[in-house]
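The values are calculated or read from the model by the stated rules, or taken from the named source; none is laboratory data. Note that the coordinates shown come from a computational prediction; the quantities given were computed from them, not determined experimentally. A quick note on method: Cβ atoms are made from the backbone with ideal geometry, for glycine too, and the neighbour counts reach across all protein chains shown. The area values use the complete protein model at the heavy-atom level, side chains included, leaving out ligands, DNA and RNA. Shrake-Rupley method; radii C 1.70, N 1.55, O 1.52, S 1.80 Å.
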Amino acid sequence: MCTGIETALVGAALSGVGTAYNNYQANKSAEAEQKASNTALMDTLDRNKEIQQTSANALQDRLAKAAPEEFEENAQQVEANRTAPVQAALTASTPEQMNLAGSTPKIVQDSMANKLSDVFRQVKTDAKNLTKLNATGDTWLQAGLDNQHLADSLVVPANMQRGNLAGLELRQQNAILNARKPVSAIGDVMKGAGSALGSAGGSGYFG
Amino acid sequence: MCGGGGSSNNSATKAANRAEQERQARLAQGQSSIEAAFEPFDDDYYADYAQKFQNYYEPQLDRQKVHADAKLKAGLASRGIGQSSMASNAIGELFREYATNKTALADDAQGAANNLRTEVSGNRSDLIALNAATEDPNLAATEAQARATTLVAPPKFSSLGDVFASFLEPFKSYKTAYNNRSGTPYQSSTGQYAPSGSGQVVN
């Protein structure tokens, strides 16, 4: 038969075990909630990572095109494109189509031939300079349009990523609620019993 | 009670996830419609546009050159210098005017194609923003189709102005000054009361 002091000690120990058990269960639940919340976060991040890969690829393509060598190659192509039709137009406007009356003295005919030859050479140089100048504008126009295209191609993925993130809080809250384990009554029963035993022991009920 | 709450949360999350998936599908569908509507606007399309520009203006320039050549030669002949080194010089300058304009037209055609390229790109960007804002694929498709149709409509080019007007001006001025020189008898503009001769200066 236990003495009052022994009973009180057993009660205190039982109460302590009950409290410890409750804490253990609460910690387990918090751990599960944290894990569930993290899982929801990682799922969202994974979903966004896939989308982000599309955007990253688009950016990579654009950066590759903007690399010095590629840019220079593109600039040359743009200049060639700008020059070709102008060269064709120049070829179509030969000086031979200009003439004087057949009876014009040879010295005048020769003078005109020289003049036309000079003019043609100058026009050719002017045309070359013009296309070079405009090709520079074209190159930067192309770069601007490529940048615009990149920005356009990022609009929808960015929107989707924002949408996924907007739902994250709800998903996390729900995951937490689903993972939450209510603290079982065992700990509370032990605490209650321990407290009762402690009181009984203290009041000398057991002698 | 707790179980009931959890179930309600689950269904709310599922509904939210489904709504988001549907929203993203609508966005993707709208984007596809825009891409499809703007697919014809490739490099070949712009090259063809530039060619049309040139095809429209070049014949006008060629016709103007023929007329300018005739006017110049008539002007020079009226001054009695039709077979002089001055005439050869003037014809050389006319050729410069013509060749410069011919190459400028070819260059302008590229510029016009670039303007169209910029316009198309701007329209495409607008639609992508509209699609993202409205999340309505039907609206995106309809609007994309409408804009693409407007953009491919046959271009309305204004006529080529009088390219050689300023070049011919000095020769015209000479004729006017000559006709108005002091001591010149009255001359009707219609030539009806011309004092003598049957020749007529071509303007």
*Treating cross-link reach as a plain straight distance, find the lysines whose alpha-carbon is under 17 Å from the alpha-carbon of B:K65, omitting any fewer than eight places away in the same chain.*
B:K73, B:K102, B:K172
*For the stretch A:59-66, just list the computed ³J(HN,Hα) in residue order, Karplus coefficients 6.51, -1.76 and 1.60, θ = phi - 60°, integers in Hz, with x standing in for Gly and Pro.*
5, 4, 4, 5, 5, 4, 5, 8
*Taking B:K71 as the anchor, which aspartates and glutamates have their alpha carbon closer than 18 Å to its alpha carbon, excluding any fewer than eight residues away along the same chain?*
B:D62, B:E93, B:E97, B:D162, B:E169
*asked:* Using a 1.4 angstrom probe on the protein heavy atoms only, could you order B:Y45, B:Y56, B:Y98 from most to least accessible area?
replied: B:Y56, B:Y45, B:Y98
_Just to verify a number: FRET efficiency for A:N27 and B:A28, C-beta to C-beta distance, R0 = 41 Å, to 0.05?_
0.40
*Just A:L41, A:L168, A:L116 to compare: in a GNM of chain A, with alpha carbon springs under 10 Å, which one fluctuates most?*
A:L116
*So, with a 1.4 angstrom probe, what is the percent of accessible area on the stretch A:1-155 that is carbon and sulfur?*
58 percent
*Contour excess over end-to-end distance, with Cα ends at A:K35 and A:I107 and 0.36 nm allotted per residue*: 15.9 nm
*Do me a favour and compute the ellipsoid semi-axes for the protein assembly as shown from its Cα gyration tensor, root of five times each eigenvalue, largest one first, whole Å.*
94, 21, 15
*Give the span of the stretch A:106-187's Cα atoms along each principal axis, as three whole-Å numbers ordered largest to smallest.*
125, 16, 9
*Förster radius 35 Å - calculated FRET efficiency between B:D126 and B:A12 (Cβ-Cβ, nearest 0.05)*: 0.45
*Quick one: Debye curve from the alpha-carbon atoms of the stretch B:2-137 only, equal weights, vacuum; give me log10 I(q)/I(0) at q = 0.22 Å⁻¹ to two decimals.*
-1.17
*How much FRET efficiency would the formula 1/(1 + (r/R0)^6) give for B:D48 and A:L145, where r is the Cβ-Cβ distance and R0 is 30 Å, rounded to 0.05?*
0.95
_Tilt relative to chain A, helix A:68-92 - C-alpha long axis, 0 to 90 degrees, to 10_ = 30 degrees
_For chain A, set up a GNM with springs between Cα atoms under 10 Å and report which of A:T54, A:T83, A:T91 has the largest fluctuation._
A:T91
*Accessible surface of B:R96 in the full protein assembly, 1.4 angstrom probe, to the nearest 10 Å²?*
60 Å²
*Once you put a point 7 Å from the Cα of B:A36 and another 7 Å from the Cα of A:K49, both along the Cβ direction, what distance in nm separates them?*
3.4 nm
*Evaluate the relative contact order of chain A (contact order divided by residue number), counting alpha-carbon pairs under 8 angstrom at least 6 apart; express in whole percent.*
66 percent
*Using heavy-atom solvent-accessible surface (probe 1.4 Å) with all chains present, what is the largest-first order of A:K35, B:K156, A:K115, B:K172?*
B:K156, A:K35, B:K172, A:K115
_Range of Cα positions in the stretch A:18-66 per principal axis (Å), largest first_ = 69, 14, 5
*Residue with peak Gaussian network fluctuation, chain A [Cα springs, cutoff 10 Å], from A:S184, A:S55, A:S37*: A:S184
*Leaving ligands, DNA and RNA out of it, rank A:L130, A:L150 by accessible area with a 1.4 Å probe, largest first.*
A:L130, A:L150
*asked:* Can you give me the accessible area per residue for the stretch B:1-136, using a 1.4 Å probe, in Å²?
replied: 47 Å²
*Normalise the Cα radius of gyration of chain A by 2.2 N^0.38 Å (N = residues in it) and let me know the number.*
2.65
*Assuming a ≥ b ≥ c are the square roots of the Cα gyration tensor eigenvalues, decide whether the stretch B:43-105 counts as rounded (a/c under 1.5), prolate (otherwise, with a/b larger than b/c) or oblate.*
prolate
